[in-house]
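Down below is the structure, laid out as structure tokens.
The values are calculated or read from the model by the stated rules, or taken from the named source; none is laboratory data. Worth saying up front: this structure is predicted, and the values here are computed from it rather than measured. Positions of Cβ are generated from backbone atoms using ideal geometry, with glycine treated the same way; all protein chains shown enter the neighbour counts.
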């Protein structure tokens, strides 16, 4: 009687072929979805950093602000009066355009109550021309929209 505890070469090759087909389908799908994933991630990260600046302002009673550099596609969180940079981040390459409406000097400034000096919106655009809007209300409420 034969011992059938091992896999045959045919079974291993079929398994390997199935794995290759799955990978062949998954990689193009991921590449197609990557710009949208990066857009959502960048918007969420930026909102988190804005809330961090807001919380630092409330906690320390010192004005913090977020300054956007549109051409370089980056931003800084800093102490407004002393220009001490607390955090600096660059948007990923999938974000091809950053635009701002409503803020003077592309600066979002929080007061000690957590409100902003001026309300406005930030628009992030990816390589597929999808846009995420980050809206900052006068009360300091920050929300993301499409």
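Condition (residue is part of a helix (DSSP H, G or I) and in contact with a strand residue (DSSP E or B) (Cβ under 6 Å, 6 or more places away or on another chain)) applied to the range 6-16: is it met by at least one residue?
no
Any idea how many residues of the range 103-113 are exposed (fewer than 14 other Cβ atoms within 10 Å of the Cβ) and under 15 Å from residue 70 (Cα atoms)?
Going through the range 103-113, the residues exposed (fewer than 14 other Cβ atoms within 10 Å of the Cβ) turn out to be 104-105, 112-113.
From what's left, under 15 Å from residue 70 (Cα atoms): 104-105.
Number of matching residues: 2.
Any idea which of (1) touching a strand residue (DSSP E or B) at 6+ places or on another chain (Cβ under 6 Å); (2) closer than 25 Å to residue 32 by Cβ is the one residue 92 doesn't satisfy?
The number of the failed condition is (1).
What residue, of 116, 98, is surrounded by 13 or more Cβ atoms within 10 Å (Cβ to Cβ) and under 13 Å from the mean Cα position of the chain (by Cα)?
Just one listed residue meets the conditions, 98.
Return the residues of the range 109-146 that are within 18 Å of residue 43 (Cα to Cα) and outside any strand (DSSP E or B); say none if nothing qualifies.
119, 127, 128, 129, 130, 137, 140, 141, 146
To keep it simple, each residue is scored yes or no on (1) outside any helix (DSSP H, G or I); (2) at pLDDT below 95; (3) surrounded by 15 or more Cβ atoms within 10 Å (Cβ to Cβ).
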residue	(1), (2), (3)
25	no, yes, no
29	no, yes, no
44	no, no, no
54	no, no, yes
57	no, no, yes
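Checking residue 35 against (1) surrounded by fewer than 13 Cβ atoms within 10 Å (Cβ to Cβ); (2) part of a helix (DSSP H, G or I); (3) at pLDDT below 95, which test does it fail?
(1)
Checking the structure you have, find out if any residue of the range 66-82 is modelled with pLDDT under 95, in a loop (DSSP other than H, G, I, E, B) and exposed (fewer than 10 other Cβ atoms within 10 Å of the Cβ).
Scanning the range 66-82, I find at least one residue that is modelled with pLDDT under 95, in a loop (DSSP other than H, G, I, E, B) and exposed (fewer than 10 other Cβ atoms within 10 Å of the Cβ), so the answer is yes.
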